[in-house]
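K.L.:
My structure is below; once you've seen it, I'll send some questions.
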Amino acid sequence: NKWRIVFSNNGRQQRGWDQVSRFYSGNRVQTTKYTWLTFLPKNLFKQFHRLANLYFLFLVVLNWFPQMEVFHREITMIPLIVVLLASMIKDAIEDYKKYQFDKMINFSKSRVYEK
């Protein structure tokens, strides 16, 4: 239940602004899901929430046991790898497009009305 405090651009209010401004983020628009560091873990986490990907992962793990081996180990990994790579590429392209749009919006000029 905190109230937001708004200060006008006034030099006398600078000390109050410094105390309050650290609690709020800027006006920057950010719609991207990933960063360079979080892309792989977040995307894999998202991909393995799909039941089909979990099924193919189960087949890959099961095929690594010699008693259960039906195909060559590498062959059972191909469908999972292809689907994961295709989804990762699609998600990366979509996120990059969002980044470019956010950048365009954040650097666009705006008009400020004052008294």
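The values are calculated or read from the model by the stated rules, or taken from the named source; none is laboratory data. All values reported here derive from a predicted model rather than from experimental measurement. Cβ sites come from the backbone with ideal geometry, for glycine too, and all protein chains shown count toward neighbours. All accessible areas refer to the heavy atoms of the entire protein, side chains included, with ligands and DNA or RNA removed. Shrake-Rupley method; radii C 1.70, N 1.55, O 1.52, S 1.80 Å.
K.L.:
Which residues, taken from segment 55-72, are free of Cβ contacts under 8 Å to residues at least 12 places away in the same chain, within 20 Å of L84 (Cα to Cα) and among the aliphatic types (A, V, I, L, M)?
P.N.:
V61, L62
K.L.:
Starting from residues that are among the hydrophobic types (A, V, I, L, M, F, W, C), under 18 Å from the mean Cα position of the chain (by Cα) and part of a loop (DSSP other than H, G, I, E, B), keep the ones in segment 32-70 and report whichever is surrounded by the most Cβ atoms within 10 Å (Cβ to Cβ). I'd like the intermediate steps shown before the answer.
P.N.:
Of segment 32-70, the ones among the hydrophobic types (A, V, I, L, M, F, W, C) are 36-37, 39-40, 44-45, 48, 51-52, 54, 56-62, 64-65, 68, 70.
Adding the requirement that they be under 18 Å from the mean Cα position of the chain (by Cα) leaves 36-37, 39-40, 44-45, 48.
Subset that is part of a loop (DSSP other than H, G, I, E, B): 36-37, 48.
Values: W36: 6, L37: 8, F48: 12.
Per the stated criteria, the residue is F48.
K.L.:
Let me spell it out: the conditions are (1) out of contact with any Lys or Arg (no Cβ under 6 Å at 6 or more places or on another chain); (2) open to solvent by 50 Å² or more (accessible area, probe 1.4 Å); (3) in contact (Cβ under 8 Å) with a residue 24 or more places away in the chain, and L80 meets all of them except one. Which number is the exception?
P.N.:
(2)
K.L.:
OK, next. Scan segment 1-17 and tell me whether some residue there is out of contact with any Lys or Arg (no Cβ under 7 Å at 6 or more places or on another chain), at pLDDT below 65, open to solvent by less than 90 Å² (accessible area, probe 1.4 Å) and closer than 28 Å to M104 by Cα.
P.N.:
Checking segment 1-17: at least one residue is out of contact with any Lys or Arg (no Cβ under 7 Å at 6 or more places or on another chain), at pLDDT below 65, open to solvent by less than 90 Å² (accessible area, probe 1.4 Å) and closer than 28 Å to M104 by Cα.
K.L.:
OK, next. So F101 fits all but one of (1) open to solvent by 100 Å² or more (accessible area, probe 1.4 Å); (2) without any contact (Cβ under 8 Å) to a residue 24 or more places away in the chain; what number is the exception?
P.N.:
For F101, the failing item is (2).
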